[in-house]
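Structure first, commentary second.
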Amino acid sequence: MMSRWLMVMAAVFTLVSVSALADIVFLDDFEGDALVDGGNPPGWTLFGTPMVDRGTYTTTSHSPSASVWVAVDWDSGGWGWGAVSSSNETRYNLVDDSGTLSVWMRATSDFTTASVALTLFDEDGTQWRTSDSELFTLTTTWTLYTTPLSNMVMETIGATAGLNCTNITQFGFLSYDNGQTGPNLVNFDDFQATNAIPEPATLAILVLGAGFLARRHKK
């Protein structure tokens, strides 16, 4: 009897561990990156204008030792600016649109309007981003901004319309010029993409199934 319960508990532990590990698909926390005053944030590509300077930043960062900053000047023209993870060789599997994108962000001056969207690209170049109704308004306080994948809309169409969740190549954010003026300094940290963890009822079914399998194995 004890051996059977040990097998069940091992099965439960394995299921819970796998679920926890499978949750995070992409995470860049910039820990261990060299602190620099300029150039692209490590592992990221910047796009759009205006763009003044950028680098890895540590003072008042969200995480223990590092975040990334982007200095922008809204008066220098252009539709806006953004940043995406620069490696497009890795393929990330988001399973479906039940997951989320999230990032911690702050600015030296409060944004006056909702301007920032989270975005991702699949392997054929299709881009999806936060819908207009859910754009973020950055403030001077570190805040976690989250976008459910189910609420994202298509920004640009690649070779094939529609998002291929199983072949995501890049994650990032972009900001629209929605009446912003003057310079600003934006920090971002802990950019993350996650798959949804099974609901408790679903996990319970998996656990019961594991227990049944363990019992059959014992017999």
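Structure data summary
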read-out	value
Of every Cα-Cα pair in segment 67-157, the percent that sits beyond 16 Å	61 percent
Coil-residue GluC sites (Glu not before Pro) of segment 67-135, DSSP, other Cβ within 10 Å capped at 10	89
Residues of segment 156-188 with amide N under 17 Å of the 7 Å Cα→Cβ point at residue 89	168-171
FRET efficiency, residue 47 to residue 23 (Cβ-Cβ, R0 22 Å, nearest 0.05)	0.15
Vicinal HN-Hα couplings computed from phi for segment 149-163 (Karplus, 6.51 cos²θ - 1.76 cosθ + 1.60; Hz; Gly/Pro x)	4, 5, 9, 7, 10, 6, 9, 9, 9, x, 5, 10, 5, x, 8
Ranked order, 128, 69 - accessible area, probe 1.4 Å, largest first	128, 69
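The values are calculated or read from the model by the stated rules, or taken from the named source; none is laboratory data. This is a predicted model, so every value here is computed, not measured. Neighbour counts are summed over all protein chains in view; Cβ atoms, including those assigned to glycine, are modelled from backbone coordinates with ideal geometry. Just the protein is used for accessible areas: all its heavy atoms, side chains included, with ligands, DNA and RNA removed. Shrake-Rupley method; radii C 1.70, N 1.55, O 1.52, S 1.80 Å.
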